[in-house]
Amino acid sequence: MRDTGEFDVSGALLGWYDRHAREMPWRVGPADRAAGVVPDPYRVWLSEVMLQQTTVAAVRDYFLRFTTRWPTVGALAAAPDDQVMGEWAGLGYYARARNLLKCARVVANEQSGRFPDTYDALLKLPGIGPYTAAAISAIAFDRPETVLDGNVERVMARLYDIHEPLPGSKTILKEKAATLTPDARPGDYAQAVMDLGATICTPKSPACGICPLRDPCQARLAGTQSDLPRKTPNKPKPTRYGHIYIAHGDTGALLLERRPDKGLLGGMLGWPGSDWSDTPVETPPFPADWHSLAGKVRHTFTHFHLILRIWTAPLPPNTAPDGLIIVEKHAFRPSDLPTVMRKAHDLWRTR
């Protein structure tokens, strides 16, 4: 079944997409696709990883910088970790960047530089979950996989007037989406549904009057489109606190640490500091006359807010304390730091 009643949903969406597809640097548009231009799986994969939990507007410049600097999966696989993590800074969710490198290296070294073209094979790669595997399989290889992101969930909830709240309704929303996924042009269709949700079937004030699916849309007929999809209320985010320590030498050298590979900001450079908790213990990296800066760093992660107090002191001569790194002024780039650490650097520089 690929329609709702007598209405050909996939046909209507593809016709709309042919006229109104968004232009994106990672996308092969419908006219080029019809002319035989094949999407680059590397660019599709990279864009999908970047777009997780992030907007198209935020990703565009990052994508262009990445593909200019590392135009192939082999080039990315050969890149030093610090350079990739530095370019990623600001996109957040740094585990994605670590998995990005792991995946690139598996594809380059174990797959002869070629991404597998099936959902099941893609799912075995580091950092690729069900959504990303379906998106790459459909968009890059034109496989009839069902892609379900937030935009598609919203379209399905309204098209079928489904009132069960997310995330509990994900299963039925995917089942509905699967009945509409066509065998012909599934990659274009997947992008069409996402474009519809992003530009017309928007979270607030959907433009139902110009929607290609307005006639079969059950929520529009019931007048409930603005209420859907329903969501289970989020719990308030807790606030955690911490201390960080910026030690600086006469020549401009700075003291940094490499965070553990596992955990938040894993593998990235940052300032030595305490735990992040309700009552963090002051843990300076070496004995000194530490001074507290006026002002604090505030940052929000996915699951909590963070407030950091900054302490400064002169860097001791000779060697770095155990487990820490001295970075000379000429080798230090604030852009290599994750956003929260860069905020601390910027606050310190202004004091």
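Here, each number is a calculation from the coordinates, and none is a lab measurement. Source: prediction; values computed, not measured. Every residue, glycine among them, receives a Cβ derived from its backbone with ideal geometry; neighbour counts consider all protein chains shown.
Taking all Cα-Cα distances within segment 157-272, those exceeding 17 Å account for 71%. Couplings 3J(HN,Hα) for segment 55-66, derived from phi with the Karplus relation 6.51 cos²θ - 1.76 cosθ + 1.60 (θ = phi - 60°), are 8, 4, 4, 6, 7, 3, 5, 4, 4, 5, 5, 4 Hz, where x marks Gly and Pro.
Cross-link reach is defined here as a Cα-Cα straight distance under 20 Å, omitting same-chain residues fewer than 8 places apart; for residue 237 the lysines meeting it are 296.
Using only Cα coordinates, the Kirkwood hydrodynamic radius of segment 92-198 works out to 14.8 Å. When the chain is treated as a Gaussian network with alpha carbon springs shorter than 10 Å, the biggest mean-square fluctuation among 292, 274, 205 belongs to 205.
So which aspartates and glutamates can residue 170 reach, going by Cα to Cα under 13 Å and dropping same-chain residues fewer than 8 places off? Those aspartates and glutamates meeting the cut-off are 149, 153. Structure remark: mean-square fluctuation, Gaussian network model of the chain, C-alpha springs under 10 Å; the largest value among 268, 24, 341 belongs to 24. In sequence order, segment 340-346 has phi-based couplings of 5, 6, 5, 4, 5, 4, 5 Hz under the Karplus curve 6.51 cos²θ - 1.76 cosθ + 1.60, θ = phi - 60°, and Gly or Pro positions carry x.
Relative to the dominant Cα principal axis of the chain, helix 170-180 is inclined by about 40°.
Taking the longest Cα principal axis of the chain as reference, the axis of helix 130-141 is set at about 60 degrees.
Put simply, the amide H of residue 142, placed in the peptide plane, has neighbours under 5 Å in 187, leaving out anything fewer than 5 places away on its chain.
Computed from point charges on the beta carbon alone (+1 for Lys and Arg, -1 for Asp and Glu), the dipole magnitude for the chain about its Cα centre is near 720 Debye. Here the 3J(HN,Hα) profile of segment 150-162, calculated from phi with Karplus coefficients 6.51, -1.76 and 1.60 at θ = phi - 60°, is x, 5, 5, 4, 5, 4, 5, 4, 7, 4, 10, 6, 8 Hz, Gly and Pro shown as x. Note on the chain: helix-only mean residue ellipticity at 222 nm, from DSSP H runs of 4+ residues weighted -39500 (n - 2.57) and normalised by residue number, equals -11500 deg cm²/dmol.
Database remark: amide H of residue 248 closer than 5 angstrom to the amide H of 313, 315 (H placed geometrically; neighbours at sequence offset of 5 or more, or on other chains; Pro and chain starts carry no H). Think of the chain as a dipole: +1 on every Lys or Arg Cβ, -1 on every Asp or Glu Cβ, centred on the Cα centre; then among 210, 249, 159, 249 lies furthest on the positive end.
Would you work out if segment 257-351 is rounded, prolate or oblate? Take a ≥ b ≥ c from the square roots of the eigenvalues of the alpha-carbon gyration tensor; rounded if a/c is under 1.5, else prolate when a/b is larger than b/c, oblate otherwise. The partial results should precede the final answer.
Details: a/c = 1.35, a/b = 1.22, b/c = 1.11.
Rounded, since a/c falls under 1.5.
For Cα Rg over 2.2 N^0.38 Å, the value calculated from this model appears in (i) 1.17; (ii) 1.02; (iii) 0.93 under label (i).
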